[in-house]
Ligand code: WT7
């Protein structure tokens with residue numbers, strides 16, 4: 001990035017003011033100076049926040065891969081683009097240069113095209129954290145196909161519903177994956193998923209493990225066979241700034257997952273710009289984000305943001321505790337990592353271990369450390385700051401969402417003074433507002449409210465795939481004219497933001513967004529279950545854990561309740577994935593409901609937390625007596 005490194009606090013305020021006063025000029029300048037375009041835009045931004053119609057860089061032509069790879073070849077072709085660190089430390093790390101990445105992406109793009117993939121087609125990618133995950137995404141982008149990465153921990157039905165929702169023509173998977181001491185068989189999950197889908201024409205299989213897999217003649221192809229023959233030359237497909245780049249599914253508070261659609265131009269500008277500033281990126285840095293590429297964090301800050309800046313990005317296949325709880329620290333020392341970006345849940349679980357695990361490694365290469373995915377509690381913040389950053393590295397607590405494409409509120413290292421548990425200040429171009437429940441804007445400081453954003457930014461998702469109405473209703477109708485985040489926030493006396501958590505029915509467990517509705521839907525499919533309600537309650541490591549209230553069709557005396565609990569969790573695991581399993585299940589004879597039939601989750605949440613102090617007014621409930629019953633059973 002040629003300009004727009006924010007220098008100091010006065011410079012931040014200056015940039016911020018400019019960006020609000022004249023957002024068009026601000027983004028025009030960033031887009032123009034730091035990216036390569038085949039054709040410039042005719043208009044920077046066009047928006048209607050009521051109809052949820054947003055366009056950035058209208059009529060501009062580009063390809064994000066040209067920005068992520070091709071343009072770096074002349075200056076830094078032999079520089080390492082990707083360091084791949086395998087699950088097992090005994091296996092060798094892989095260093096992929098920009099030149100090498102260029103060739104691998106071209107070969108892969110040719111393979112996809114030969115299998116009939118063209119611009120606009122959807123390709124699902126269900127791969128572990130291996131280089132091919134990044135390479136196939138880039139190959140899709142180079143060819144104009146829309147990738148939809150499905151986190152490799154999701155179950156066959158979750159895969160099927162995503163494939164069906166986006167109508168993917170191809171799915172790319174592997175013979176298996178290594179995660180800690182486990183070997184998973186991804187291919188058979190895909191085979192099972194494909195029994196419930198129609199659109200897939202070809203399956204591309206990458207070899208990673210020694211799993212024996214079944215190959216279906218005509219449908220399944222081994223990547224290795226095609227790779228040898230594929231040409232290293234590929235002519236980049238020219239994309240419009242508003243052409244889709246990818247779809248990524250995220251949980252909603254109701255119904256099926258939402259396929260958030262991100263487009264080429266705005267997403268590139270926003271991730272490139274934010275990466276540079278939030279990680280204080282400099283040419284020789286070694287940057288590591290521990291997220292899975294299957295989530296937005298990996299898309300924006302393992303792949304696109306870093307590569308757009310010509311950075312070296314680490315892709316780690318394993319888990320923090322394998323083979324021992326010092327794996328993260330060992331990898332930082334081994335590769336001399338300069339920026340380390342991880343999640344509060346990982347920090348909390350490693351903070352439980354003896355500090356000797358951290359102390360025995362040389363972490364002096366670190367410059368900036370970051371956190372993302374959920375509110376970071378005070379204790380975790382300090383542990384991270386003291387033991388990992390050694391009080392020398394600014395902690396960037398970055399708040400953002402799948403929907404926002406990139407980081408929205410975060411300290412800028414060496415610029416914004418940090419404050420534990422606070423995401424601090426918005427990035428230039430971002431205008432947060434706090435709203436009360438009556439839709440009034442809350443002005444002033446030392447206030448809390450519903451967090452909204454007033455003006456569009458280039459990285460915002462443009463729609464929900466196939467359901468624009470839902471996009472409009474979910475994000476633009478609660479507070480008309482504004483984007484509603486679903487989070488609550490507090491603004492302190494100096495204007496710093498602290499995100500207090502979701503105000504809707506999404507629960508964040510170990511940094512994974514889970515909607516209550518899809519989990520309840522799976523539970524309700526159990527033949528013995530009449531109705532259920534899920535709430536979150538605080539958990540030391542996961543942040544939140546899931547508590548399920550389950551009402552059986554018959555009182556169910558005599559039924560083996562432990563067995564029922566197992567069956568319920570198995571159902572959830574099959575339909576969504578093991579991450580959505582319930583930590584506690586309480587069988588109840590009814591659920592507290594309002595007269596309009598809405599479950600009073602507020603009360604259920606308090607009971608789950610073990611807080612029986614004040615349930616508020618329950619007299620308007622349809623069945624107020626049930627509250628005492630549930631409470632007593634919880635105690636009993
Ligand atoms: C939700 C979005 C953004 C990438 C990972 C999650 C919560 C995220 C923070 C933070 C407090 C945070 C919010 C948000 N969240 N970062 N630094 N402090 N809360 O993406 O799965 O779309 O989840 O994660 O509740 O709405 P996502």
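Computed from the coordinates by the stated procedures, all read-outs in this text should not be read as laboratory data. Here the structure is a predicted model, which means the values were calculated and not measured. So basically every Cβ, Gly included, is an ideal-geometry build from the backbone, and we count neighbours across all protein chains shown.
Taking the inverse of the mean reciprocal distance over all distinct Cα pairs, the Kirkwood hydrodynamic radius of the chain comes to 25.4 Å.
Calculated from the alpha-carbon coordinates, region 536-592 shows an Rg and a Dmax of 12.4, 36 Å respectively.
Full extension of the chain between residue 593 and residue 354 gives 81.4 nm of extra length, using 0.36 nm per residue less the Cα-Cα distance. Taking label positions 7 Å along the Cα-Cβ direction at both residue 164 and residue 192, the computed distance is 1.6 nm, reported to one decimal. Evaluating kT/(6 pi eta Rh) at 4 °C and 1.567 mPa s, with the Kirkwood radius of region 331-426 over Cα pairs in the Stokes-Einstein relation, gives 95 µm² s⁻¹. Shown here: region 494-636, whose C-alpha atoms stretch 59, 39, 29 Å along the first, second and third principal axes, sorted largest to smallest. Translational diffusion coefficient of region 410-520 (Stokes-Einstein, Kirkwood radius from Cα pairs, 25 °C, 0.890 mPa s): 160 µm²/s.
Take the Cα of residue 379, step 7 Å toward its Cβ, do the same at residue 566, and the gap between the two points is 3.3 nm.
Beta bridges per DSSP, both residues in the chain: antiparallel share near 60 percent. In this rough spin-label picture, where each label sits 7 Å from Cα along the Cβ direction, the residue 525-residue 115 distance is 2.7 nm. With helices as the sole contributors, the chain gives -8500 deg cm²/dmol at 222 nm; each DSSP H run of n ≥ 4 counts as -39500 (n - 2.57), and the sum is divided by every residue. In terms of surrounding Cβ atoms within a 10 Å radius of their Cβ, 471, 422 rank from fewest to most as 471, 422. The residues 484, 246, when put in order of fewest to most other Cβ atoms within 10 Å, stand as 484, 246.
Relative to the globular-protein estimate of 2.2 N^0.38 Å, the Cα radius of gyration of region 187-287 stands at 1.51.
The share of Cα pairs per 10 Å bin across region 296-384, counted from zero up to the longest distance, runs 15, 50, 31, 4 percent.
With kT/(6 pi eta Rh) evaluated at 10 °C and eta = 1.306 mPa s, and Rh the Kirkwood radius from Cα pairs, region 143-249 diffuses with a coefficient of 104 µm²/s according to Stokes-Einstein.
Which FRET efficiency value, to the nearest 0.05, do you get for residue 284 and residue 90 by plugging their Cβ-Cβ distance into 1/(1 + (r/R0)^6) with R0 = 30 Å? Step by step, r from the Cβ atoms, then E = 0.60. Annotation: the residues 262, 468, 221, sorted from fewest to most other C-beta atoms within 10 Å of their own C-beta, follow the order 468, 221, 262. Measuring between their Cα centroids, region 516-533 and region 213-246 lie 39 Å from each other. Within region 75-142, the percentage of alpha carbon pairs spaced more than 21 angstrom apart rounds to 32%.
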